[in-house]
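Let me begin by presenting the structure, written as structure tokens, before commenting on it.
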Amino acid sequence: MRCSKQNRMRPDNRLIAMILATILTSGLSGLALGQSSSFPVGARNFINASKLSMPRSPVTGSGPSSGSGRRSQNASVSGSTPAAIFSTRIIQPGNPLVGITAEEFERFRLGLEDFSEVENAAEGLGPAYNGTGCSACHNSPAIGGISPVSEVRAGRLDEEGNFEVLGGSTLFQIFSIPNHACQPIIPPEANVIAKRVPIPLFGAGLIEAIADETIVDLEDPDDHDNDGISGRAARIIDVATGRERIGRFGWKAQHATLLAFGADAYRNEMGITNDLFMKEIAPGVDPETLAFCDLRPDPEDGPDPVTGLRGIDNFEAFMKFLAPIGKELLTEEATWGEQLFSLLGCVACHVPVLRTAPTENRIFSEREVPLFSDLLLHDVGTGDGIAQEAALPNEIRTPSLWGLRLRRPLLHDGSAATPEQAIRAHKSEAEAARKGFEDLSEQEQMALLAFLDSL
């Protein structure tokens, strides 16, 4: 993160932010739908040039309800159709949340700028890294999404099944800066090697706003209800606050806050140290060699001289205000598939809607979040064999399904090309649901897949 960037809060930028935020909250449905409007041509052209189509203010909607899985009586878990804020006819992928203020839009814009920046070694990139910018991995179908690239994790399982970290980290970065003296090398004693693809960030601020207690109330680690499902909450220590929290970000639910999640990726994926993660990592490289390869003193992410914001602050703001991808209108076939999805018990883990906690910011307060996840750790036969934070080697956090139709590949390692392949890979806790899908008629299977393709 360059600390010398200037003019991030220039008066003209503030004016633009105020204009765009006004559009965000003005209810211009014609503009959001690509129709003509009475707004000045210059403003419309600016919106088109910035690729941020401005959505309407949220309105309360209604529709067919979906099953809410276990603990459905919890006031923070809902099965009702979410408000129109999530309609894809209004919000395009990569746009900010509806109704944010001018100041919040400016924070979103600065975050998008830094999220899209390409770093170099002089700015702190490396010595070991996986990408030169956040958007190198999060770019499809828009900035904040996914990409086909994957990171590599490795470790060792002993004869008793205990996981051992090798070289101080399970992450082995793919690239290193010249002369490559600090290139991580997977040691020969590693007997577990796994790949992980990026997770989309759309709607991440709403997920962060879900109370820890809401997630905890969904867990049933000892399967007391005898449904064969034993998800558990990931209890982790948030590095930003030092407090115990419930993890929800990352394939292993290893982070509870967007600040920590972004800071972790900044150090791990780009090699840029920061106030939360102060030390470089390059497994297998001795400290003296690592210090020789590192071109800048740590932490490398410092506050901007104009805004006072660190790179990790800007990443947090971008992810916080990034809107989710809405669900398409259901066809008759997809409506039938939604019912089958519930009847097969898929909603036990892929809980259709959770609810955010009360907060002073109305954008995040008591909102329905149709993410299709319980945010718990489960063993569904697709674990990567890597233990991390609270997660055991065989556990994976239930991936959210919103925006699924725009996401490929699937599963943590990208091994599934289609939702059907992902379903057929489910085992263990998801064995009954998978068998239920396999027992459906071809027409019923197509209906369920049509529903998933609407998300």
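Laboratory data are not the source of any read-out in this text; all were calculated from the coordinates shown. Because the structure is predicted, anything quoted here is derived from the model rather than measured.
The H on the amide N of Arg367, modeled in the peptide plane, is under 5 Å from the matching H of Thr356, each at least 5 residues off or on a different chain. Could you work out the pair-distance distribution P(r) of region 146-243 from its alpha-carbon pairs, with 5 angstrom bin width and percents rounded to whole numbers? Pairs per bin, as whole percents: 2, 9, 11, 12, 16, 19, 16, 8, 3, 1, 0, 0.
In region 319-421, how does Rg compare with the Kirkwood Rh, expressed as the Rg/Rh ratio over alpha carbon atoms?
0.99
Applying D = kT/(6 pi eta Rh) to region 224-305, where Rh is the Kirkwood radius over alpha-carbon pairs, T corresponds to 37 °C and eta to 0.692 mPa s, the Stokes-Einstein value obtained is 222 µm²/s.
Put simply, the amide H of Ile146, placed in the peptide plane, has neighbours under 5 Å in Asn139, Ser140, leaving out anything fewer than 5 places away on its chain.
Calculate the translational D of region 94-202 in whole µm² s⁻¹ from Stokes-Einstein, where the hydrodynamic radius comes from the Kirkwood formula applied to all Cα pairs, the temperature is 10 °C and the viscosity 1.306 mPa s. The calculation lands on 97 µm²/s.
Couplings 3J(HN,Hα) for region 424-439, derived from phi with the Karplus relation 6.51 cos²θ - 1.76 cosθ + 1.60 (θ = phi - 60°), are 5, 7, 6, 9, 6, 4, 9, 4, 5, 5, 5, 5, x, 5, 5, 7 Hz, where x marks Gly and Pro.
Fully extended, how many nm does the chain gain between Glu389 and Ala417 (0.36 nm per residue separation, minus their Cα-Cα distance)?
Here the segment from Glu389 to Ala417 would lengthen by 7.2 nm.
Taking θ as phi - 60° and the Karplus parameters 6.51, -1.76 and 1.60, the scalar couplings of region 327-342 work out to 7, 6, 5, 7, 7, 4, 5, 5, 5, 4, x, 4, 5, 5, 4, 6 Hz in sequence order, x denoting glycine and proline. For region 163-299, just say rounded, prolate or oblate: build the C-alpha gyration tensor, square-root its eigenvalues into a ≥ b ≥ c, call rounded for a/c under 1.5, and beyond that prolate if a/b exceeds b/c, oblate if not. Judged from the Cα gyration tensor, region 163-299 comes out prolate (a/c at least 1.5, a/b above b/c). What is the distance in Å between the Cα centres of region 151-183 and region 383-397? Centre-to-centre distance over Cα atoms comes out at 15 Å.
Note: region 401-442, Cα convex hull, 86 Å³ per residue.
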